[in-house]
Amino acid sequence: MSAPVLKLDDARATKAAPAAEVVAFRAPKAPSPIAKRARRVFDWAATTLIPPLVVLALLLLFWELICSRPGSALPPPSQVVTDTWELIVDPFYDRGGLDKGLFWHLLASLQRVAVGYAIAVVVGVALGVLVGQSTWAMRGLDPIFQILRTVPPLAWLPLSLAAFRDGQPSAIFVIFITSVWPIIINTAVGIRNIPTDYSNVAKVIRLNGFEYFTKIMIPAAAPYIFTGLRIGVGLSWLAIVAAEMLIGGVGIGFFIWDAWNSSNISDIILALVYVGVVGFILDRIVAFIANAVTRGTATA
Amino acid sequence: MSAQAFLSIQHVDKAFSRGGVTNEVLKDVSLDVHEGEYISIIGHSGCGKSTLLNIVAGLTGVTKGVVFLEGKVVDEPGPDRAVVFQNHSLLPWLTAYENVALAVDKVFAKTKSKAERHEWTMRQIELVNMAHAKDRRPSEISGGMKQRIGIARALAMQPKVLLLDEPFGALDALTRTHLQDQVMQIQAELKNTVLMITHDVDEAVLLSDRIVMMTNGPSARIGEVLSVPLERPRKRLELVSDRTYIAARAAVLKFLYERHRFVEAA
Ligand SMILES: Nc1ncnc2c1ncn2[C@@H]1O[C@H](COP(=O)(O)OP(=O)(O)OP(=O)(O)O)[C@@H](O)[C@H]1O
Ligand SMILES: [Mg+2]
C-alpha cells in the first residue's frame, strides 16, 4: 500500500466519522473501479443524505408526539399517511371535474408556471439588456422597476382578472409579473459589469451589434442572468400556489384551498409536501442548467 | 514631421474630464514609427502609456492632434491595430482555440474559407507553442499561457501595427524571459511593426529598435527617444557584457530614476 492512499483514507476517516471503520477495513485491498464508485456513493450518502434524513425523522417524531394528544388541532404524521393513502398510492386517477389525482393538479400548475416563466425569461432578459446597456433606459426605467417589483404578486391578480376576464391568463400574468423583476435586474447588473476589456476586444475585431450580443454580452452576463432566473423560478412557484387558491380550477393551489373548505387537513399537509418537493426540483433544474452553461465563466 | 511615416502620432493631447474636473494626461505627444520597427514606451506608472496605446488603437479619442496609419487618420478601432491588453483579456467562456478563432473568423470572414481559417488559427497557436493546450479554457491555463494566446490572437489578425500593453508584466521572471525570446523570434520572422509598453528596462533594451521615454504625468510628454543600434538576432547572454547594451540600459535608468523620479501624485 502506498503512502498517498493511506493519507487519503485518513482524511476520509476524519471527515466521515461513522464510516471510519469501514474505510480502514477496505484500505489493504487495491480499490477496483466498482469499489471506488461504491465508496463515493457511500461518502455521498454519509455527508449529504444521512444528516437531513436523521433530522427529518426527529422532526416527524416530535410532531407525532405533540399532535397525538387528544384534542389536537392538527393530525400527527401517522394520521396524515392513513388519511391520504389513496392520494399517495394513486396520483394519476381522474374522475372528471376537479376530482383528480395530485399529479394532474401539479401538472396544471406547472404548465401555468412554464408559460408565465417562459415569457418572463424572454421579456426579462430583453429589458435587462436594454437597461444594462443604455444609461438613458436605466435612468428612466430603473426607478419604475424598483417600485413595481415590491408589489406583492397577489395584488396584481384583481387587476389582471379585470383585464383578461379569465382565470387562466390571469394566473399566467401573475407568474410573469412576479418572476420578471429579478431577471431584469440581475441581467442589467450582469450587462453593466461586462469588463471593458471584453468590449474592447469586440471593438478591435469589429463585431457588429448582433455578434456582440450573442458572442460577448450574453455569455459574459450569463452567471448574473442565471442568478435572476433561479430567483425567478422560485418566486413563480410561490405565486402560482397563491394565485390558484383564488382563481380555482385544476391546480395544486386550488387543491389546497378545496381541502381546507372540506376540512381535509391531512390532504393539505400532503399537498404542501408535494409543493415543497416540486419547488426544490425546479430550483435544482435551473441551477443545473446554469452550471452546465456557465462552466468556466463563473470563475473568470 | 513628415506625413510619410508608417505610423505617425502628431501633437496629441489627451485630457479626461469628469464633473468639471479636467485631468490632462498627455500633452503634445509626437512620434513617427517606421514599418517593421519595434518601439518600446517606458515611463512610470500612471503617466499615460496605456492611454497613448489606446489612442493608437482607436479605443480612446484624442482631445487634440491626430494619428495617421499609412496616411489614413485613425478614428476607430480595427484589426489592423491589434492589441494585447495589459491583463490578457481572453474571453473566459471560450477555449484558447475559440478565443483565437473568434478573431480569425471575423477578420477573415470574406477572404478565407472555413478550412483556411481553421488552418490559420492553428498556425497562430502553434507559433506561440500552445497547440497542446488549445482546448483548455483561460481559467485552466497559466498566466504565461494566457498571454501567449493573447499574442496569438493579435498576430492572427495580421495587424499593420501590433500594440502590446505590458504583455509580460504579470509574469514571473523565467516565463517572461522565455516569452521575450519567443516574441523576438516571431518578430524576426513576420517583421511586424510593434508598439510595446513596458516597465522593464532590460526588456525595453533587449527588444526595441527605439525606446520612447515618457515624463511623469500629469501632462506627460515624450522626454527622450533612445535608439538601440544592436544587431539582430540578439542573444541576451551575449548582450550582458555588450557595451552598447550597457550604455543604453544606463541611459534609460538615468532618465527614469534620476531625471524623472516617480513622485506620488498629490
Ligand atoms: N477612462 C479614463 N477616465 C479618466 N481618467 C483616466 C481614464 N483612463 C486613464 N485615466 C487617467 O489617465 C492617467 C494615465 O493612465 P494610464 O492607464 O494611461 O497609465 P499607465 O501609464 O498605463 O499606467 P500603468 O503603468 O500603471 O499601466 C491616470 O492618471 C488615469 O487616472
Ligand atoms: Mg497601463
Can you pull out every residue in segment B:31-65 that is within 10 Å of ligand 1 (Cβ to nearest atom), in a strand (DSSP E or B) and touching an Asp or Glu at 6+ places or on another chain (Cβ under 9 Å)?
B:Ile42
In segment A:241-299, which residues are surrounded by 15 or more Cβ atoms within 10 Å (Cβ to Cβ), within 14 Å of chain B (Cβ to nearest Cβ) and touching a Ser or Thr at 6+ places or on another chain (Cβ under 7 Å)?
A:Gly296
For A:Leu154, are the conditions met, namely being open to solvent by 40 Å² or more (accessible area, probe 1.4 Å), touching a helix residue (DSSP H, G or I) at 6+ places or on another chain (Cβ under 6 Å), in a helix (DSSP H, G or I) and in contact (Cβ under 8 Å) with a residue 24 or more places away in the chain?
yes
Hey, B:Val107 touching a residue at least 40 places away in the same chain (Cβ under 8 Å), more than 9 Å from chain A (Cβ to nearest Cβ) and under 14 Å from B:Gln158 (Cα atoms) or not:
no
Identify all residues within segment B:50-68 that are open to solvent by 10 Å² or more (accessible area, probe 1.4 Å) and either more than 14 Å from every other protein chain (Cβ to nearest Cβ) or of a type outside the set (Val, Ile, Thr) (or both); write none if there are none.
B:Ser50, B:Asn54, B:Gly58, B:Leu59, B:Gly61, B:Val62, B:Thr63, B:Lys64, B:Gly65, B:Val66, B:Phe68
Taking B:Leu164 as meeting all but one of (1) open to solvent by less than 30 Å² (accessible area, probe 1.4 Å); (2) assigned to a helix (DSSP H, G or I), write down the number of the exception.
(2)
A:Ile194 - would you say it is without any contact (Cβ under 8 Å) to a residue 60 or more places away in the chain, open to solvent by less than 30 Å² (accessible area, probe 1.4 Å) and within 14 Å of chain B (Cβ to nearest Cβ)?
yes
Here are some conditions: (1) in contact (Cβ under 8 Å) with a residue 24 or more places away in the chain; (2) open to solvent by 30 Å² or more (accessible area, probe 1.4 Å); (3) in contact with a helix residue (DSSP H, G or I) (Cβ under 7 Å, 6 or more places away or on another chain). B:Pro229 meets all but one. Which one does it not meet?
(1)
Restricted to segment B:150-204, and to residues that are over 28 Å from B:Arg117 (Cα atoms) and of a type in the set (Asp, Glu), which residue is farthest from ligand 1 (Cβ to nearest atom)?
B:Asp172
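The values are calculated or read from the model by the stated rules, or taken from the named source; none is laboratory data. Everything numeric here is computed off the predicted structure, so don't read it as measured data. We place every Cβ from the backbone using ideal geometry, glycine too, and count neighbours over all the protein chains shown. Quick note on the areas: whole protein, heavy atoms, side chains included, nothing else; ligands and nucleic acids left out. Shrake-Rupley method; radii C 1.70, N 1.55, O 1.52, S 1.80 Å.
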